[in-house]
1. Is it the case that Phe279 is modelled with pLDDT of 85 or more, under 19 Å from Cys349 (Cα atoms), buried (at least 19 other Cβ atoms within 10 Å of the Cβ) and within 20 Å of the chain's Cα centre (by Cα)?
2. Within region 31-114, considering only helices (runs of 4 or more DSSP H) that don't extend past its boundaries, which have at least 1 residues that are at pLDDT 75 or above and among the acidic types (Asp, Glu)?
3. Give the residues of region 351-376 that are closer than 21 Å to Phe279 by Cβ and either out of contact with any helix residue (DSSP H, G or I) (no Cβ under 8 Å at 6 or more places or on another chain) or at pLDDT below 85 (or both), sorted by residue number.
4. Please verify whether region 181-202 includes one or more residues that are touching a Ser or Thr at 6+ places or on another chain (Cβ under 8 Å), surrounded by 23 or more Cβ atoms within 10 Å (Cβ to Cβ) and among the small types (Gly, Ala, Ser).
5. Quick one: which helices (runs of 4 or more DSSP H) sit completely within region 285-344 and have at least 1 residues that are surrounded by fewer than 21 Cβ atoms within 10 Å (Cβ to Cβ), at pLDDT below 80 and of a type in the set (Phe, Trp, Tyr)?
6. Let me spell it out: the conditions are (1) surrounded by 20 or more Cβ atoms within 10 Å (Cβ to Cβ); (2) assigned to a helix (DSSP H, G or I), and Trp167 meets all of them except one. Which number is the exception?
7. If we scan region 369-387, do we find a residue that is touching a residue at least 24 places away in the same chain (Cβ under 8 Å), farther than 19 Å from Leu145 by Cα and in the same structural domain as Thr488 (by TED's automatic domain parsing)?
8. So which residues in region 205-261 are of a type in the set (Ser, Thr, Tyr) and either modelled with pLDDT under 80 or touching a strand residue (DSSP E or B) at 6+ places or on another chain (Cβ under 6 Å) (or both)?
Amino acid sequence: MTESHARASAVDWIAVTAGALGALMATLDISITNSALPQIQGEIGATGTEGTWISTGYLMSEIVMIPLAAWLTRVFGLRNFLLGNAVLFTLFSVMCGLSNSLPMMVAGRIGQGFTGGAMIPTAQTIIRTRLPREQMPVGMTIFGLIVLLGPLLGPVLGGWLAENISWSWCFFVNVPVGFALVALLVTGLPPEKSHWESFLKADWLGIAGLAIGLSSLTVVLEEGQRNQWFESSEIVMLTCVTAFGFLLIALSQFTAKKPIVRLSLLRNPRYASVILIVFAVGAGLYCVSFLLPQFLSIVAGYNALQSGSIMLVSGVPAFLIMPVLPRLLGKVDFRVLVITGLLFFAASCLLDISLTAQSVGRDFFWSQILRGFGQMLAMMPLNQASMAAVSREESGDAAGLYNMARNLGGSVGLAILGTVIDRRNDFHTAAIRESLTANSVIGQERIAASAANFAAQGGDIAHAKMQALGQLSMQIGQQAIVMTYSETFYVLAIALLACLPLALLLKTPRAQAGEMPSAGH
């Protein structure tokens, strides 16, 4: 009798599927425009710099919404909140697909990010509240797969749609998915009453601080390197605005009965360790997702679709380990799993520090496989450990903080990475140029041989020498960027290894005898 009560019903699994589908739609749209960006920019008349706001707008609003999701769920009720977001996300997707100007596109992407950001932590909340403890590893594995695979599938799907149909279908593809999501939500989640008193008594000081602080921080991190950081008055002003927003959040911790961001959860060392690790792993995920396509494009000459197919290799371990991972989560200490995952992830980065200008996609095969196993073994226990470290009542706030930390880790990681790449690339370029002086015998011989080759193909000697110098300059740039990318993979490995001591603080949830599922079952 107890066993039957301890199993989730079909309706519970429909609810979990609805949450997972919403999270997939939201994570997929983070990166689905990356491959199609040149076509989109050309269609709406945006420059390369302006076009970055198509991605930045989504990320900025998503990061703001994630920690607000727990409060808004309490105000509207879970089903009403998710139904509203599913419908609005679909409408904003249509708006993006029909855009003919940059302001219209950015407005649609901000709307997408805000509504999509609500679907990520609520998926975790559904799993936490609708599944009994012994089935939670399965639910958390599904959620973790989506978080990992969504950003990997986005560029591949976006590139294929842009090449074979139209860039607009990067957004229109959400329409049938949105209809399916609405049907699943209506079937799987029970109706709930709205609690408007929670809206009126909300922590408005914290909400204002969150909106101001996180949106400004995202813009600072995205645009800082491009504008030479604090040499730009705009970046200085936005940094001050960010600090003011965070000050409001800090004040709200003392003035509000229920702060919108419950920083008090970080007093729990087990939960705080999860947040720090997921911040670092999030930085690793986003940075690798940026580095690898850039290397394959700049050095190996791959197009977006080809780069995306190489990136998908890291998703193969997810499907291989999926059948056994829930059992591992139930039997193996989380500290062992996370430490193993971090070691695999760091080792995969170390495999990529010996890059050359001749490196191509197949040279990343084993590092991608190792990285896939590392991500799964690290992220899956972290998902569940974040929920195990808090009470069921705190799960909504904990999920919001967890997902916000992962995305912020990605933003901070990319900002640091951009700075490192630009500065180290300049350093290596200057160092190589200094070694090729007029007195360099090898350099002079290389230029003479190239000039003779160009002259033999037709043209005068002077023009052939200019071509040889241009070729040498390109080779210097290529070697500098290869050296720079090798160094960044090394830095990522060190950052991941630094998280190993934190993994010792993780808590493995233990099933309690006679534990009954929540009232939602």
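The values are calculated or read from the model by the stated rules, or taken from the named source; none is laboratory data. Bear in mind that the values here come from a model prediction, so they are computed numbers and not experimental data. Cβ sites come from the backbone with ideal geometry, for glycine too, and all protein chains shown count toward neighbours.
1. Against the criterion (modelled with pLDDT of 85 or more, under 19 Å from Cys349 (Cα atoms), buried (at least 19 other Cβ atoms within 10 Å of the Cβ) and within 20 Å of the chain's Cα centre (by Cα)), Phe279 qualifies.
2. It comes to 37-44, 53-76.
3. Answer for region 351-376, where residues must be closer than 21 Å to Phe279 by Cβ and either out of contact with any helix residue (DSSP H, G or I) (no Cβ under 8 Å at 6 or more places or on another chain) or at pLDDT below 85 (or both): Gln375, Met376.
4. no
5. In region 285-344, the matching helices (runs of 4 or more DSSP H) lie at 316-321.
6. (2)
7. no
8. Thr218
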